[in-house]
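Notes to accompany the following structure.
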Amino acid sequence: MGLRGAVPSCGHFFPCRVSHGIAGTLLGEMALCAKKRPPEEERRARANDREYNEKFQYASNCIKTSKYNILTFLPVNLFEQFQEVANTYFLFLLILQLIPQVSSLSWFTTIVPLVLVLAITAVKDATDDYFRHKSDNQVNNRQSQVLIDGSLQQEQWMNVRVGDIIKLENNQFVAADLLLLSSSEPHGLCYIETAELDGETNMKVRQAIPVTSELGDISRLAKFDGEVVCEPPNNKLDKFSGALYWKESKFPLSNQNMLLRGCVLRNTEWCFGLVVFAGPDTKLMQNSGRTKFKRTSIDRLMNTLVLWIFGFLVCMGVILAIGNAIWEHEVGTRFQVYLPWDEAVDSAFFSGFLSFWSYIIILNTVVPISLYVSVEVIRLGHSYFINWDRKMFCVKKQTPAEARTTTLNEELGQVEYVFSDKTGTLTQNVMVFHKCSVRGRSYGDVFDVLGHKAELGERPQPVDFSFNPLADKKFLFWDPTLLEAVKMGDPHTHEFFRLLSLCHTVMSEEKNEGELYYKAQSPDEGALVTAARNFGFVFRSRTPKTITVHEMGTAVTYQLLAILDFNNIRKRMSVIVRNPEGRIRLYCKGADTILLDRLHPSTQELLNTTTDHLNEYAGEGLRTLVLAYKDLDEEYYEEWAQRRLQASLAQDSREDRLASVYEEVESDMMLLGATAIEDRLQQGVPETIALLTLANIKIWVLTGDKQETAVNIGYSCKMLTDDVTEVFVVTGHTVLEVREELRKAREKMMDSPHTVGNGFTCQEKRPSSKLTSVLEAVAGEYALVINGHSLAHALEADMELEFLETACACKAVICCRVTPLQKAQVVELVKKHKKAVTLAIGDGANDVSMIKTAHIGVGISGQEGIQAVLASDYSFSQFKFLQRLLLVHGRWSYLRMCKFLCYFFYKNFAFTMVHFWFGFFCGFSAQTVYDQYFITLYNIVYTSLPVLAMGVFDQDVPEQRSMEYPKLYEPGQLNLLFNKREFFICIAQGIYASVLVFFLPYGVFAEAARDDGAQLADYQSFAVTVATSLVIVVSVQIGLDTGYWTAINHFFIWGSLAVYFAILFAMHSDGLFRMFPNQFRFVGNAQSSLAQPTVWLTIALTTVVCILPVVAFRFLKLSLKPDLSDTVRYSQLVRKKRAQHRCTRRPGRTSSRRSGYAFAHQEGFGELIMSGKNMRLSSLGLAGFATRSGSGWIESLRRKRSDSPGSPPDKPLKG
Amino acid sequence: MTKMKKTSQICQSKLPDNTALKQQQLPAYRLQLSATGVLSGFFATGAFCLGVGIILILSAKSIKEIEIKYTKICANCAELREDAINFDKECTCSIPFYLSETMQGNVYLYYKLYGFYQNLYRYILSRSNSQLVGTDLKDVGNCAPFSKSHNGTPIAPCGAIANSIFNDTIILSYNLNSSIHMEVPMLRSGITWWTDKYVKFRNPSAINLSSAFTGTAKPPYWSKPVYELDLEDTENNGFLNDDFIVWMRTAAFPTFKKLYRRLNRVQYFIEGLPAGNYSFNITYNFPVTRFKGEKSVVLSTLTWSGGSSLFLGLAYTVTGAVTWLAAFSMMAIHLMLKEKRTLFIERFETERDRA
């Protein structure tokens, strides 16, 4: 609780230059932020020359995420806390109360709660910051080897400077952004995993520039004095431009030469790098975005309302002050005989001025500080419910759900947009060889004893691969018939697996005999090669010219003649191999759409059955590839190889010419079969997405993956379905193209005949107030797929609205190939223009910025990285828990918070406004109606617990119902339960109650007498009567508002009433009076007044009159305009429970879509393999190859990388 | 075996407890506004309010009350009191009136002030309870602006409330006929709250009351010191003076009446005040015209609930009537919509099943 007021005063990562020992004071801290280094124009760093580099004052490699140190804590924290409107307001009140002329309440009524709240918040902030310090220290103190004075020395990360040369070893984290100088691998190659950066788990290759790649030993490195001149720090992960000046020559540098902080070195024994960017300047840090203190929309609304209420207070104060001035002028001056003016007061006007401030103090209870405390307590309670929820506990990973921030719970009930990462969030990032079709026979379906298709969980034993010593133990397959076919020696099956073992770009590593490790660029390929391995076609090793495969136990070495590499247009790859018998054969695997057109006409019949199988696989959401082969005769191959060589040597349009040469040979192929790979979804993902969609939550998938993969997942997790009228694909490279594509998409949506809404979900359209444009009314379902580079254009200022409008009109949006920052930008865009609550969910470091940007960030825990979880507000281990988090916890939190706020404002207006009415009867003298103890205790004791119990425990419908009727979630999105209108209704109700609570006793007391004849209308009896009626009225009201009466509610409501009377009698007792006669003036009052029947009759009447209209209104609303939750509740009464379980796993429908192919590796890898550059000399046993090609292929590779990530706009995936 | 147990315990330790509280499954009553409940509640409440209202009106009607404003009647006295110089000049005023009906039972005599603000913030504060309870006569801390006299001695009783005590003397006389005027016997006792008389107000303990108050000054507007308020009755002297105690119980509103005396039901007055000619003989001391106030004397009887006015009875009756009206209209609406609603629910259910 008490998390408010933690707004960082400046960016999250300060340059870590706080000098040792000298405490940066508040001002120092501020100055540090204000006086940031002038923006760098270019960066210069000279290797091994700290003195030279020091001139530029680049940030060191120390990162700082903490906000305070011991000395700055108190001032900075208080400063932050008092930036809160509410805290300042209470401080101001406190100061007012210290002025005796103005003070109309005791000082302790404000200071005690204020100090309490500030202290709790400060403790909370301090603990948070302590943990940040700890994690900073942990990162900063990691060891790295730095080359200093000619020798390698262990240094902490934070002491690494720009210009240092550091050595990295295998599996180490890269400490800063480095220029790769040399590595253990030939040609200065090294492999990195960038999962922390962009979430892609496949390995990437980096290469040192040739001149430095020879600097393998320390002595030569120590002499290296090259200077890097490059771009200033930025957040573009895939761009780097700079040059190395060394020995009077200039060498261009690109991203291909860089190792970025956060990557992990893999499969490379060691490498040396020159630090170019350090600490906060690294691309990782530049991408992490700022930590923003998140508030809920209700927080913001509350702050606005507090301001409004303050305005209201001032108005009332002014009215009463004017009243006071007039009264003092008309009556008070004459009354001076009995009560002379205070010495300080010399005129009625001044008296009015003073009474203004007095009334501000008295009426301040409309926004009591207990409001904020209670809100925090309720949120804390809700957070605990999330932590305790067994239904969000993942048994497999032993991880419970965790609410890491306690301040956002009710926002969970208002989410409209969910931004989800794909890998690791929707999918498990595990590719599984699931099914295949060989020569028209489909394998992989599991049948139970009766011959029915078996469902998951009731599977028999997996296939036993023990015959094969090289098999991967982790590989599981359930259909024994395939292995039988292999064992029977079915030639087609053999050819099928032979293809899989030959046609790929996987590298193998065999540390010990028989212990094979595959280094696959894409998990898909890995899965296929592993499958072949287990079925007896073990890919064992490769050289640039050969591939060795163990076929059913015998080693066969194929001569590798050519790799026709994959690219986005070809969507296929082929290898041409010569088998030991000397036959040349082309093996090809590729996307079905492409490959099926290139088959030999004779395979027509087979093609039909295979197509059926493909449809079936695609319908199950599997990723398919079609396999084919073709025999080539020697002469043709020689002739073709010649042409290929020419094409590859061509100066202009080399790509096109190569493509057409490839095209030529990959024709008239013989169909072998198809594979189906499961990109295994997390459990329950399609169901969750379906349910969330029904709850009107829009789901956008933002992924770093390729477009095809992303779209494929879109289908398998039912985001995209056959109901989708059209999928728009935006892949334009230029601003104009993107704009055009967006425009076309919009036109299509507008033109389409309005299809009939499908059932219940679509009939209830949003109220018109929500329609921001015509596009929202578009009927029919559309989906948008946009590429990273198109997104870059679409997010530019002049197009973002167009993009947003188009995207929001679509049912599903998939952004692929996006950078972490773009993820954040997309979220930011929706946040900025849609006024909707956004939720981002992800598991990797690449999702951190998105998680931080969105209103609510959810991290998937239990995965390898924990960055996402650390940055998140909520974490759990399965995507499917999102439905429970939103539809149950979020919905309830929102409902409870709204009911709480409504009631809270009501009770305080009812309480406070009585003073306003009394002002007219007491000469506007700022006399309170109640005893000051009652004022102090009203919010803390008498009325706090029942409303807290309601705020924590209330339920409108049972939790199963909110899953059954996802529409119940809608009020939160539309902000229906607490908004300005509701606020005014509560206030009106409060004022109504205050009028009755004051004027009914007034009417009675004005004339009445006690039963012993004494006057009834003495001030103290009146105070007790009004206070008692108020307490009873608000207690009955909370009883009505509480929809879910647990024992706790009973205890608190009855308990509060009991405590009220107990305290009342105690305060009015003789004993206390005898001890403190001046403090307890109400002696004997309770006994005496509450013994009067008139008093009780008054209290009863007040209660009846205050409550009955509320009941009547609610009843009428229930009858005339019931909302969904009313109806659900009512229908519960009416119907008998029908045992019915929704959301059962639906059998996979057949889909007409079939193009989910499983290529995830980048183009260019084939070339790398053929050149042998990525192979160790030792493992090659071939010495001469290295000289064969110069840096030509690297050049071409680089060129391809820089301009290829695109392909000409794809055809719509379905049309 | 033990190892297994241990691991299972470890597993359980992470799994949240399966308690009703933590799983939000606490048994509870779901409050629902059902038609029968609401309507029967409304009818019952309406009946109750109507019943109470009628009883209250009837009993309020049975009260006999007579009020005479005497500020204008005693205009000459009022004028005299406007000037503080005349504080020692006595001014009496006789107000004859005719009681047409006997006032049965206990009769109470009140004085009533109009426009006197006993509820001003600074006025209410201006008293010292620790002085009035007799423990610390010197404690005049809260009594500004009447805490100390000119020469610095603390005032007892201090403060604006005590200083402004109502000091008219009201004597009711019964004119049996034109010659016999007899004073109606009145009781002074029993007009204060028990706690006021016996807890809140205590005289300082001393053999002699006047010696107890040595070292204090009388309030500036008082004609005699507090220990001379009633020299005959020690239980009515000093801080224990009933009129003083009644005055010190400040009124909530600027118009208020305070109990002055009650009828001593002896002789002619056993049944109450018989009908006939009466007159109030008032020693007019308390100035009200300066602040445009008014004074009146009130004679009143009581009923079971005290001196309740018509207001409460009327309010109850109106509430009861409106409640019944509301109940009938709600019932009508409910019956009209019932069929529609059942249909709606059915449709809702089928749609749900379809979804």
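The values are calculated or read from the model by the stated rules, or taken from the named source; none is laboratory data. Since the structure is predicted, the reported quantities are computational estimates derived from the model, not experimental observations. Positions of Cβ are generated from backbone atoms using ideal geometry, with glycine treated the same way; all protein chains shown enter the neighbour counts.
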Notebook entry, point to check: Which condition does A:Gln960 not pass, out of (1) within 14 Å of chain B (Cβ to nearest Cβ); (2) in a helix (DSSP H, G or I); (3) touching a helix residue (DSSP H, G or I) at 6+ places or on another chain (Cβ under 8 Å); (4) under 30 Å from A:His1050 (Cβ atoms), if it passes all the others?
Noted result: (3)
Checklist line | Positions within region A:728-742 being in a loop (DSSP other than H, G, I, E, B) and closer than 19 Å to A:Val813 by Cβ, in sequence order | finding: A:Thr731, A:Gly732
Check: Mind checking whether some residue in region A:989-1007 is facing chain B (nearest Cβ under 7 Å), more than 30 Å from A:Cys898 (Cα to Cα), buried (at least 24 other Cβ atoms within 10 Å of the Cβ) and of a type in the set (Asp, Glu)?
Finding: no
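Being more than 37 Å from the chain's Cα centre (by Cα) and not in a strand (DSSP E or B), is that true of even one residue in region A:242-261?
Just the residues of region A:242-261 that are more than 37 Å from the chain's Cα centre (by Cα), to begin with: A:243-252.
Retained after the next criterion (residues that are not in a strand (DSSP E or B)): A:247-248.
Yes, that holds for at least one residue.
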Next item on the list: Please verify whether region A:708-727 includes one or more residues that are in contact with a Gly (Cβ under 9 Å, 6 or more places away or on another chain) and closer than 17 Å to A:Ala794 by Cα.
Entry: no
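Mind telling me which of the residues A:Val373, A:Val432 ends up being within 30 Å of A:Ser994 (Cα to Cα) and surrounded by fewer than 23 Cβ atoms within 10 Å (Cβ to Cβ)?
On the way: A:Val432 fails: within 30 Å of A:Ser994 (Cα to Cα).
Result: A:Val373 is the single residue among A:Val373, A:Val432 that is within 30 Å of A:Ser994 (Cα to Cα) and surrounded by fewer than 23 Cβ atoms within 10 Å (Cβ to Cβ).
Quick one: would you say A:Tyr930 is surrounded by 24 or more Cβ atoms within 10 Å (Cβ to Cβ), among the hydroxyl-bearing types (Ser, Thr, Tyr), at pLDDT 90 or above and at negative phi?
On the way: surrounded by 24 or more Cβ atoms within 10 Å (Cβ to Cβ): no; among the hydroxyl-bearing types (Ser, Thr, Tyr): yes; at pLDDT 90 or above: yes; at negative phi: yes.
Criteria not met by A:Tyr930.
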Notebook entry, point to check: What about B:Asn76, is it assigned to a loop (DSSP other than H, G, I, E, B), of a type outside the set (Ser, Thr, Tyr) and under 30 Å from A:Val331 (Cβ atoms)?
Noted result: no
Notebook entry, point to check: Applying the selection to region A:1059-1073, what residues are within 9 Å of chain B (Cβ to nearest Cβ) and either touching a Cys at 6+ places or on another chain (Cβ under 8 Å) or not hydrophobic (A, V, I, L, M, F, W, C) (or both)?
Noted result: A:His1068, A:Asp1070
Item checked: Residues (more than 8 Å from chain B (Cβ to nearest Cβ) and either closer than 14 Å to B:Ala326 by Cα or within 46 Å of the chain's Cα centre (by Cα) (or both)) located in region A:1095-1108 -> A:Cys1106, A:Ile1107
Check: Before we move on, is A:Leu1072 in contact with a Phe, Trp or Tyr (Cβ under 6 Å, 6 or more places away or on another chain) and over 17 Å from B:Thr250 (Cα atoms)?
Finding: yes
Checklist line | Members of region A:531-557 that are farther than 27 Å from A:Gly444 by Cβ and in contact with a Leu (Cβ under 8 Å, 6 or more places away or on another chain) | finding: A:Arg542, A:Thr543, A:Pro544, A:Lys545, A:Thr546
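Which members of region A:657-693 meet the condition of being assigned to a helix (DSSP H, G or I), farther than 20 Å from A:Ile576 by Cα and not hydroxyl-bearing (Ser, Thr, Tyr)?
Quick first cut of region A:657-693, residues assigned to a helix (DSSP H, G or I) only: A:657-665, A:685-693.
The next check asks that each one be farther than 20 Å from A:Ile576 by Cα; those that pass are A:685-693.
Selection gives A:Val685, A:Pro686, A:Glu687, A:Ile689, A:Ala690, A:Leu691, A:Leu692.
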Next item on the list: Name every residue in region A:225-284 that is more than 22 Å from A:Lys64 (Cα to Cα), crowded, with 22+ Cβ neighbours inside 10 Å and touching a Pro at 6+ places or on another chain (Cβ under 7 Å), in order of residue number.
Entry: none
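Please pick out the residue among B:Leu187, B:Leu240 that is within 14 Å of chain A (Cβ to nearest Cβ) and either in contact (Cβ under 8 Å) with a residue 60 or more places away in the chain or under 18 Å from B:Ala162 (Cα atoms) (or both). Outline the logic, then answer.
On the way: B:Leu240 fails: within 14 Å of chain A (Cβ to nearest Cβ).
Being within 14 Å of chain A (Cβ to nearest Cβ) and either in contact (Cβ under 8 Å) with a residue 60 or more places away in the chain or under 18 Å from B:Ala162 (Cα atoms) (or both) holds for just one of B:Leu187, B:Leu240, which is B:Leu187.
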Check: Which one is farthest from A:Phe73 (Cα to Cα) among residues in region A:143-164 that are at pLDDT 85 or above and surrounded by fewer than 14 Cβ atoms within 10 Å (Cβ to Cβ)?
Finding: A:Gln153
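Please find, among B:Gly215, B:Gly238, the residue that is out of contact with any Cys (no Cβ under 6 Å at 6 or more places or on another chain) and surrounded by fewer than 17 Cβ atoms within 10 Å (Cβ to Cβ).
Working: B:Gly238 fails: surrounded by fewer than 17 Cβ atoms within 10 Å (Cβ to Cβ).
B:Gly215 is the lone residue from the list that is out of contact with any Cys (no Cβ under 6 Å at 6 or more places or on another chain) and surrounded by fewer than 17 Cβ atoms within 10 Å (Cβ to Cβ).
Quick one: which of B:Tyr221, B:Tyr174 is more than 14 Å from chain A (Cβ to nearest Cβ) and either outside any loop (DSSP other than H, G, I, E, B) or surrounded by 13 or more Cβ atoms within 10 Å (Cβ to Cβ) (or both)?
Every option except B:Tyr174 fails the conditions.
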Check: Hey, among A:Phe918, A:Phe909, A:Phe879, which residue is away from chain B (no Cβ under 14 Å) and in a helix (DSSP H, G or I)?
Finding: A:Phe909
Notebook entry, point to check: Does any residue in region B:27-51 that is away from chain A (no Cβ under 11 Å) come within less than 9 Å, Cβ to Cβ, of a residue that is of a type in the set (Ser, Thr, Tyr) six or more places away or on a different chain, and which pairs are these?
Noted result: B:Phe43/B:Thr323; B:Ala47/B:Thr323; B:Leu50/B:Tyr316; B:Leu50/B:Thr317; B:Leu50/B:Thr319; B:Leu50/B:Thr323; B:Gly51/B:Tyr316
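Taking region A:615-644, which residues are in a strand (DSSP E or B) and at pLDDT below 85? Reasoning before the result, please.
Quick first cut of region A:615-644, residues in a strand (DSSP E or B) only: A:623-632.
Result: A:Arg623, A:Thr624.
Got a number for residues in region A:63-80 being under 30 Å from A:Ser144 (Cα atoms) and either over 27 Å from the mean Cα position of the chain (by Cα) or charged (D, E, K, R) (or both)? Quick ask: steps written out before the conclusion?
Of all residues in region A:63-80, those under 30 Å from A:Ser144 (Cα atoms) come to A:63-70.
Right, trim to either over 27 Å from the mean Cα position of the chain (by Cα) or charged (D, E, K, R) (or both) and you get A:64, A:67, A:69-70.
Number of matching residues: 4.
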Next item on the list: Identify the residue in region A:1027-1058 that is away from every other protein chain (no Cβ under 12 Å) and free of Cβ contacts under 8 Å to residues at least 24 places away in the same chain and, among all such residues, is surrounded by the most Cβ atoms within 10 Å (Cβ to Cβ).
Entry: A:Trp1054
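Could you list all residues from region A:1110-1121 that are within 8 Å of another protein chain (Cβ to nearest Cβ) and either without any contact (Cβ under 8 Å) to a residue 60 or more places away in the chain or farther than 16 Å from A:Gly1043 by Cβ (or both)? Quick ask: steps written out before the conclusion?
To start, the set of residues in region A:1110-1121 that are within 8 Å of another protein chain (Cβ to nearest Cβ) comprises A:1111-1112, A:1114-1116, A:1118-1120.
Those that are within 8 Å of another protein chain (Cβ to nearest Cβ) and either without any contact (Cβ under 8 Å) to a residue 60 or more places away in the chain or farther than 16 Å from A:Gly1043 by Cβ (or both): A:Ala1112, A:Phe1115, A:Leu1116, A:Leu1118, A:Ser1119, A:Leu1120.
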Margin query: Could you go through region A:1126-1137 and let me know if any residue there is within 9 Å of another protein chain (Cβ to nearest Cβ), of a type in the set (Lys, Arg) and loosely packed, with under 15 Cβ neighbours inside 10 Å.
Written below: yes
Margin query: Scan region A:395-417 and tell me whether some residue there is crowded, with 20+ Cβ neighbours inside 10 Å, without any contact (Cβ under 8 Å) to a residue 24 or more places away in the chain and among the aromatic types (Phe, Trp, Tyr).
Written below: no
Notebook entry, point to check: In region A:963-988, which residue that is over 29 Å from A:Leu694 (Cβ atoms) and crowded, with 19+ Cβ neighbours inside 10 Å is nearest to the other protein chains (Cβ to nearest Cβ)?
Noted result: A:Cys986
Next item on the list: Evaluate region B:83-96: report whether one residue or more is within 11 Å of another protein chain (Cβ to nearest Cβ) and either surrounded by fewer than 16 Cβ atoms within 10 Å (Cβ to Cβ) or modelled with pLDDT under 90 (or both).
Entry: yes
